[in-house]
Each structure stands twice: as structure tokens, then as C-alpha cells.
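Below is one structure, written out as C-alpha cells, with a few remarks after it.
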Protein chains: 2
Amino acid sequence: MAKLQGKGNCQTCPIRYRSIFADIPEDKLPEVIGDFRTSILTLTHNEVIYSEGDAPTHTYTLRKGLIKLTKSLPDGRIQIVRIIGHGELFGFDGLANENHNHTALALTDIEICKLPMSGLERIRINNPSVDKAMMQGWIQGLRAAENMLLDLGAKKAPERLASFLLKWCKDTEQGQWIDLPLSRTEIAELLGLTVETVSRFLSDWKRKGYIEDTRSTVRLVDSDGLNQVVDGYSK
Amino acid sequence: MAKLQGKGNCQTCPIRYRSIFADIPEDKLPEVIGDFRTSILTLTHNEVIYSEGDAPTHTYTLRKGLIKLTKSLPDGRIQIVRIIGHGELFGFDGLANENHNHTALALTDIEICKLPMSGLERIRINNPSVDKAMMQGWIQGLRAAENMLLDLGAKKAPERLASFLLKWCKDTEQGQWIDLPLSRTEIAELLGLTVETVSRFLSDWKRKGYIEDTRSTVRLVDSDGLNQVVDGYSK
């Protein structure tokens, strides 16, 4: 169950430099924050932060771990519409007077900061750096969604999966083990594939020596192999 | 080719009530707009407004017609990521210091208003109603993208096509002919399907008496039939 860890303190917050408050000078922070009261919560893997259709009272910043935003069809089929990384703001549909359009779930054990919506809106309106960070967050979110629509709509199944692995392992050295906190089912739900398709291609690529994996980690052994999978469809 | 029709005039603009300037009181408009100079352009079907990767200088409001925003893969496969309707703001990646993430093309003959980016940003910062309208536009854009990701990722081909037709014909009476300015190819590019799949299901549904269509119009004859296609997958 979600556990309240106490009040947030923007001045000592270890992820403030990645948050919408990053560009507020430290000496101005007490004045900007004023009586804005945040709280810190921890949740364990698979716990729900809010559900599609809920009326929002807060927005959230992720402090630790990863979150998945999902939408579902009446029969239970699920699509992951976004993965939230630390420092990111999420759950802001209330700022457009709307209920939450998706469900937010902990993909790992997580720590979040709850920001009261009305106080946040006051801070945004009065502080250009917060306003700019939030605007850029929305526009970047739209760009990420457009990229994902291209992946889901135009790429073939193996191309989609290979692109995902290459992107996930980007910025890590070839051969380095890295965390992959998505299960096979979650990878399928992110990429619009069946779990059988995901498993079949991963097995194929392990046999060919492109990747190695465990239940929760992956490493690229031969990224050229995966790049060829992607390029093979682009000729 | 794009034709300049002259300077824009927010005070006499027929679509202002649908634009980001909708909530500025008429008597305050001259003061808010100040020396902000817009221009009106007309473009014909399939003309490009801007291309993916272009450095933005303006944002745009659609005054007449429809626009498609597309992304493409190196081999030319195309995904339509959004359809823009009249009154909507588009082409705002420059506000996040980014180049355009998609290409914008006229889906019909169109009329657009070009808004210089720096002037618009000044107006937004100084006018809460413009700021609010733009914020709501971005959040609504994210919600629409999430809905589209659910369609592309989780729905089967016929379910996706039937949902699209039902949504497109929403708010029109059953049996009423309405414009469908997307070609079969464009419907395929929007729904992540092949054009053969789109044509096959449309033919099937015409034979079954669910729909009738011409090259550029469509009407629902039996929307229950299409609803059954959607519901049949949700059991």
C-alpha cells in the first residue's frame, strides 16, 4: 500500500535539478514555494497511483523508480502509453479540467512527490521558469507520443521490438548488463504486440547472439544484429 | 503553392471564438494584440506547410479545412499522427526550442493564420486566458495521442477501422452523407493498416449494408452493425 514518508522539502530535494523547479535559484526557493505543501509517498511494484477516470486533486513528480501510464479496453486489453522516468511531472489532466485519461502504476518500487494542483498552478503562473519547464514537458510529451505512434502504426513487429531494445540500451556500452524492469507481457503492452511474438523474437535474437537476458536485465551483445533487423525493413 | 492572402486581423477573425484568443474580451483585444502581426495563407490539397526537421519561426492556427500531421520512416512508410481541425493551434515545437517533429500537410484546401513565435510567447506570458487555452491545447493533444496509442496498439484491424468511422460520423444523424476527406491510403496511414485491409473491410461492410461511400463522402446506414464489429472484440 502507498506509504506516506512525510512532507516534501523542495530545498533539500535530491531530484529538484531534474524537476520543473530546476531553474529556480536556490535563494529564491523559499519565496517561490511559500506555503505550497508537498508530500512524499512510496509505493511498491504494480501499485496504482491513480486510475483512468479519477478526478484529479494532485499532480506528481517521480523521485525514484519507473512508472507506466496505461489505457485499457472494456475487455481488459491494455496499452502502455508512456513510461515515466525520474524527475518527470505526470498526472496533470486536472489542469485542463479533465479527469485522468490513463491509469498510473508503479513499474518498479517507486517514490513520488504529490503536488497539490491549485498551489502548483499558482506557482506556474507567477514563475516563468516553472511555466517554461511545464510547457516544455507537455510539448516533449507530445513529441514522444508522435514517435510512439510512428513505431506502433508504421513499423513491423520485429522492427518495433529491435528499435525498443536499441533505444532502451542507448547510452550504455555494448555488452553491459542493464535493468529491464518490463516483463515480456509489459513489453508486448508497450509495443502493441502479443506476448508470444515478443518471446519468439527475443528467443530468436538470443540464439543468433544479438542479445542476452535474464528476467529483469538485458544486454546487447551484437547491436549491429539488431540494427540490421531495423534496417532490413527500411530498404 | 501557398498564397499570401494578406495580414490577419484578430478583431474581425471569423474563427477567433475557436482559437487561443477566444476568451480575450473584444474591447481588450487591440491592447493584447499590440504590434503582433499575423498573416493569412491559403494552400491547396497536399501542399506542405512545414516539414519534419525544419527550424520553426511561426506557429499556426487552422482557419478553414483540415490538416494532417505525418511522420515517416527512412523508406517512406508514413504514419498520420494527428488530424488538425479548424481553430486548432499547431506547429509549436519551437516553443520548446525544438525543430518540427512532424510534417504538416493540407488534407483539403486550407486557410491558415501564421503567428510569429516570439510575439505569441509574449502574448501568452502576459495574458492568462491565452496561457490557459494553450496549456489546455497541449494537454488535450496528449490525451488524444494516448487514445490513438490505445487504438493502434490494442485494437484489431476491423475494430480500429469501425471505431474510426463511428467517431468520424459522431454528431451526425444516421444515414446522413458527410465528407470523408481521407483517401483509403490516408485512412490506412492513420490507423496503421495496409490499404488492402482498409479496402477489404469497407467493401465487406458495404455489402452487409452498414455503410455507403463515395470517393470523398461516407454515411452510416446501420451504425449498430459497426458497433457490433467493435463490441465483438470486447467480449
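The values are calculated or read from the model by the stated rules, or taken from the named source; none is laboratory data. What you see is a predicted model, and the numbers here were worked out from it, not measured in a lab. Cβ coordinates were reconstructed from backbone atoms using ideal geometry, including for glycine residues, and neighbour counts include every protein chain displayed. Each accessible area value is taken on the protein alone, full model and side chains, heavy atoms only, with ligands, DNA and RNA left out. Shrake-Rupley method; radii C 1.70, N 1.55, O 1.52, S 1.80 Å.
So if each residue of separation counts as 0.36 nm, and I subtract the Cα-Cα distance between B:Lys206 and B:Ala22, what length gain in nm does that give? Present the calculation step by step, with values, prior to reporting the outcome.
Working: separation 184, 0.36 × 184 = 66.24 nm, distance 4.16 nm.
Extending this stretch completely gives an extra 62.1 nm.
Please get the size of the charge dipole for segment A:3-153, origin at its Cα centre, with Cβ charges of +1 on Lys and Arg and -1 on Asp and Glu, quoted in debye to the nearest 20. Numbers along the way, then the final one.
Values: 17 positive and 18 negative charges, 51 e Å.
I would put it at about 240 debye.
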ask   = Considering only the label points, 7 Å along Cα→Cβ from Cα, what distances in nm to one decimal separate B:Ile178 from the same position in each other copy, shortest first?
value = 4.5
message = Could you work out [θ]222 nm for chain A from helices alone, using -39500 (n - 2.57) per DSSP H run of at least four and dividing by all its residues? Round to the nearest 500 deg cm²/dmol.
response = -11500 deg cm²/dmol
request  = Give the nm distances, rounded to one decimal, from A:Thr57 to the matching residue in every other copy, measuring between label points 7 Å along Cα toward the beta carbon; shortest first.
outcome  = 5.1
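If one takes the accessible area of chain A alone plus chain B alone and subtracts that of the pair, with a 1.4 Å probe, what total in Å², rounded to the nearest 100, results? Each step should come with its number before you reach the end.
On the way: alone 13110 and 13110 Å², together 21990 Å².
Interface between A and B: roughly 4200 Å².
Can you give the average number of partner chain beta-carbon atoms within 10 Å of each beta-carbon in peptide B:129-141, as a whole number?
Working: counts 0, 0, 4, 5, 0, 2, 9, 4, 2, 10, 11, 4, 6.
Rounded to a whole number, the mean comes out at 4.
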key: Charge dipole magnitude, Cβ of K and R +1, D and E -1 - the protein assembly as shown, Cα centre, debye nearest 20   = 400 debye
remark   = For chain A, the longest principal axis of the Cα atoms and the Cα long axis of helix A:117-126 enclose an angle in degrees, to the nearest 10, of 80 degrees
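Roughly speaking, what is the stretch gain from A:Met117 to A:Lys3, that is 0.36 nm per residue apart minus the C-alpha to C-alpha distance, in nm to one decimal? Working shown, then result.
On the way: separation 114, 0.36 × 114 = 41.04 nm, distance 2.03 nm.
Stretched fully, the A:Met117-A:Lys3 segment lengthens by 39.0 nm.
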ask   = Taking the label point 7 Å from Cα in the Cβ direction, how far apart in nm is B:Asp75 from each other copy of itself, listed shortest first?
value = 3.1
inquiry  = Need the C-alpha centroid separation for segment A:98-145 versus segment B:148-211, integer Å.
reply    = 34 Å
task = For B:Asn126, put the label point 7 Å out on the Cα→Cβ axis and report which residues of segment B:7-51 keep their amide N under 13 Å from it.
result = B:29-37
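Kindly flag which residue pairs out of A:Lys114/B:Lys170; A:Lys132/A:Lys156; A:Lys132/B:Lys64; A:Lys68/A:Lys132; A:Lys132/A:Lys167; A:Lys68/B:Lys156 have an alpha-carbon separation exceeding 32 Å in this structure. Intermediate results must be reported in sequence, preceding the final value.
Values: A:Lys114/B:Lys170 38 Å; A:Lys132/A:Lys156 37 Å; A:Lys132/B:Lys64 30 Å; A:Lys68/A:Lys132 25 Å; A:Lys132/A:Lys167 27 Å; A:Lys68/B:Lys156 23 Å.
Exceeds cut-off: A:Lys114/B:Lys170; A:Lys132/A:Lys156.
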ask   = Of A:Ala154, B:Val81, A:Ile40, which is farthest on the positive side of the dipole of the protein assembly as shown, counting Cα position, with +1 on Lys and Arg Cβ, -1 on Asp and Glu Cβ, and the Cα centre as origin?
value = A:Ala154
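Could you work out, residue by residue across A:95-108, how many beta carbons of other chains sit within 10 Å of that residue's beta carbon, and then give the average as an integer? The partial results should precede the final answer.
Working: counts 5, 9, 3, 4, 0, 1, 9, 6, 0, 0, 0, 0, 0, 0.
Average per residue, whole number: 3.
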Percentage, to the nearest whole number, of Cα pairs in chain B over 31 Å apart = 30 percent
message = Can you give the FRET efficiency to the nearest 0.05 for B:Trp177 and A:Lys170, using r as the Cβ-Cβ distance and R₀ = 35 Å?
response = 0.10
query = What's the angle, to the nearest 10 degrees (0 to 90), between helix A:223-232's Cα axis and the longest principal axis of chain A?
reply = 80 degrees
key: chain A - accessible surface per residue (Å², probe 1.4 Å)   = 47 Å²
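What is the Rg over Rh value, at two decimals, for segment A:156-234, using alpha-carbon atoms and the Kirkwood definition of Rh? Can you show the working numbers first?
Working: Rg = 11.3 Å, Rh = 12.4 Å.
Here Rg/Rh amounts to 0.92.
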query = Relative to the first principal axis of the alpha-carbon coordinates of chain A, what is the inclination of helix A:195-207, with its axis defined by its Cα atoms, in degrees from 0 to 90 and to the nearest 10?
reply = 60 degrees
request  = Quantify how strongly other chains surround peptide A:152-163 by giving the mean number of their Cβ atoms within 10 Å of each of its Cβ atoms.
outcome  = 4
